[in-house]
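Engineer: Quick one: the structure is below, questions incoming.
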Number of protein chains: 2
Amino acid sequence: MTRYFEDFEAGTVRQFGSFSLSEDEIVEFATQYDPQYLHTDPVAAADGPFGGLIASGWQTGLECMRLVVEGLLGPADSMGAIGLEELSWPAPVRPGDVIEVENEILETRPSSTRSDRGYVRNRTVASHDGEPVLTWVAVNIIGTRDR
Amino acid sequence: MTRYFEDFEAGTVRQFGSFSLSEDEIVEFATQYDPQYLHTDPVAAADGPFGGLIASGWQTGLECMRLVVEGLLGPADSMGAIGLEELSWPAPVRPGDVIEVENEILETRPSSTRSDRGYVRNRTVASHDGEPVLTWVAVNIIGTRDR
């Protein structure tokens, strides 16, 4: 059931479901990894630029990543990622927001030097009420069927 | 002691210290957020493309973020980030690797529409034995002194 490089096709769009974060989850995560008051202190954040607590963009990213692994990379012969070409947080994520995650395969390209792998460029978009709150473009390395 | 937009200067390089991740920490984190065998299964990973367990790039990113907040954003009037222009993982991070983190301010630019803030473009580089294992370029929003 493994999905190989040859099984990816540009233009394929996948819906990965949704997630939401509670105030407690936002504060707990940010206290450990991104301790800025926007993410850790509901009272101070209420007077801040967003008028309330918002999730660390890293936490939004991780929740997306979990769904991307479940729906895209976990079933694939994934050999890691080169990186993200961009990662943007165009709007804040607030406690209780339901965030829908989808992914589109943008491009597939065999490795020019190693026949056992290829590159799959893909965009993940997370949205709340149809408005993007996170987008990234990743380049993942996927094994070929006959390696 | 707050650092405002006006206090950031292109060219400033800061050392933020180091971190390392144990095998247990790598597996525990990835099991929750990035459950690919490269990050969760030392035995299977030994036969994989890196010849052993490697950390999720997201975990490396978070450990860097914690140090960036401590050294750069926490003392600043931080109003969030637009995003990352790039996030790359040029080499794997293995259990016990000591990863040094530094940051350079690349550019500062006042907001053209809002006098209460400016944009600070900065690069974070994490290295192991002098070899980069993570780089990102972030654009952070920082409040101005007189807002």
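The values are calculated or read from the model by the stated rules, or taken from the named source; none is laboratory data. Bear in mind the structure is a predicted one, so any value in this text is a computation, not a measurement. Cβ coordinates were reconstructed from backbone atoms using ideal geometry, including for glycine residues, and neighbour counts include every protein chain displayed.
Engineer: List the number of the failed condition for B:A55; all other conditions in (1) on the phi > 0 side of the Ramachandran plot; (2) modelled with pLDDT of 95 or more hold.
Structural biologist: Going through (1) on the phi > 0 side of the Ramachandran plot; (2) modelled with pLDDT of 95 or more one by one, B:A55 breaks only (1).
Engineer: Take the residues in segment B:71-81 that are in contact with a Pro (Cβ under 8 Å, 6 or more places away or on another chain) and on the phi < 0 side of the Ramachandran plot, then tell me which one is farthest from the other protein chains (Cβ to nearest Cβ). Can you show your working first?
Structural biologist: Restricting attention to segment B:71-81, the residues satisfying the condition of being in contact with a Pro (Cβ under 8 Å, 6 or more places away or on another chain) are B:74, B:79-80.
Going one step further and asking which of them are on the phi < 0 side of the Ramachandran plot, we end up with B:74, B:79.
Details: B:G74: 7, B:M79: 5 Å.
Within segment B:71-81, the match that is farthest from the other protein chains (Cβ to nearest Cβ) is B:G74.
Engineer: Continuing with this model, one more query. Among the residues of segment A:21-33, is there at least one that is crowded, with 20+ Cβ neighbours inside 10 Å, over 14 Å from the mean Cα position of the chain (by Cα) and under 18 Å from B:P35 (Cβ atoms)?
Structural biologist: Taking every residue of segment A:21-33 in turn, at least one turns out to be crowded, with 20+ Cβ neighbours inside 10 Å, over 14 Å from the mean Cα position of the chain (by Cα) and under 18 Å from B:P35 (Cβ atoms).
Engineer: I would also like to ask the following. Just to be sure I understand the filter: pairs with C-beta atoms under 6 Å, separated by 6 or more residues or on different chains, first member in segment A:87-107 and within 13 Å of another protein chain (Cβ to nearest Cβ) and touching a residue at least 60 places away in the same chain (Cβ under 8 Å), second member in a strand (DSSP E or B) and surrounded by 16 or more Cβ atoms within 10 Å (Cβ to Cβ). Which pairs pass?
Structural biologist: Pairs found: A:V93/A:V133.
Engineer: Sticking with this one: Just the residues that are closer than 21 Å to B:D97 by Cβ and either touching an Asp or Glu at 6+ places or on another chain (Cβ under 7 Å) or not hydroxyl-bearing (S, T, Y) (or both), please, taken from segment B:108-130. Explain how you work it out, then say what you get.
Structural biologist: We begin by selecting, within segment B:108-130, every residue closer than 21 Å to B:D97 by Cβ; these are B:123-130.
Once the filter is applied, which keeps residues that are closer than 21 Å to B:D97 by Cβ and either touching an Asp or Glu at 6+ places or on another chain (Cβ under 7 Å) or not hydroxyl-bearing (S, T, Y) (or both), segment B:108-130 yields B:R123, B:V125, B:A126, B:S127, B:H128, B:D129, B:G130.
Engineer: Still on this structure, I have one more. Please go through segment B:40-58 and give me each residue that is more than 9 Å from chain A (Cβ to nearest Cβ), under 19 Å from B:H128 (Cα atoms) and crowded, with 17+ Cβ neighbours inside 10 Å, ordered by number.
Structural biologist: Let us first name the residues in segment B:40-58 that are more than 9 Å from chain A (Cβ to nearest Cβ), namely B:40-47, B:51-53, B:55.
With the extra rule that they be under 19 Å from B:H128 (Cα atoms), the set shrinks to B:51-53, B:55.
Selection gives B:L53, B:A55.
Engineer: Give segment B:6-34 a look and list any residue that's farther than 27 Å from B:R117 by Cβ, part of a loop (DSSP other than H, G, I, E, B) and either basic (K, R) or out of contact with any helix residue (DSSP H, G or I) (no Cβ under 6 Å at 6 or more places or on another chain) (or both), or say none.
Structural biologist: Those that are farther than 27 Å from B:R117 by Cβ, part of a loop (DSSP other than H, G, I, E, B) and either basic (K, R) or out of contact with any helix residue (DSSP H, G or I) (no Cβ under 6 Å at 6 or more places or on another chain) (or both): B:S20, B:L21, B:S22.
Engineer: Considering only segment B:45-58, I want to know if a residue exists there that is more than 23 Å from A:G118 (Cβ to Cβ) and touching a strand residue (DSSP E or B) at 6+ places or on another chain (Cβ under 8 Å).
Structural biologist: The answer is no; no qualifying residue exists.
Engineer: Looking at this structure, is B:G11 closer than 20 Å to A:V69 by Cα, touching a residue at least 40 places away in the same chain (Cβ under 8 Å) and either under 20 Å from the mean Cα position of the chain (by Cα) or more than 11 Å from chain A (Cβ to nearest Cβ) (or both)?
Structural biologist: Values: closer than 20 Å to A:V69 by Cα: no; touching a residue at least 40 places away in the same chain (Cβ under 8 Å): yes; either under 20 Å from the mean Cα position of the chain (by Cα) or more than 11 Å from chain A (Cβ to nearest Cβ) (or both): yes.
No: the conditions fail for B:G11.
Engineer: Out of (1) touching an Asp or Glu at 6+ places or on another chain (Cβ under 7 Å); (2) buried (at least 22 other Cβ atoms within 10 Å of the Cβ), the odd one out for A:E85 is which?
Structural biologist: Result: A:E85 passes all but (2).
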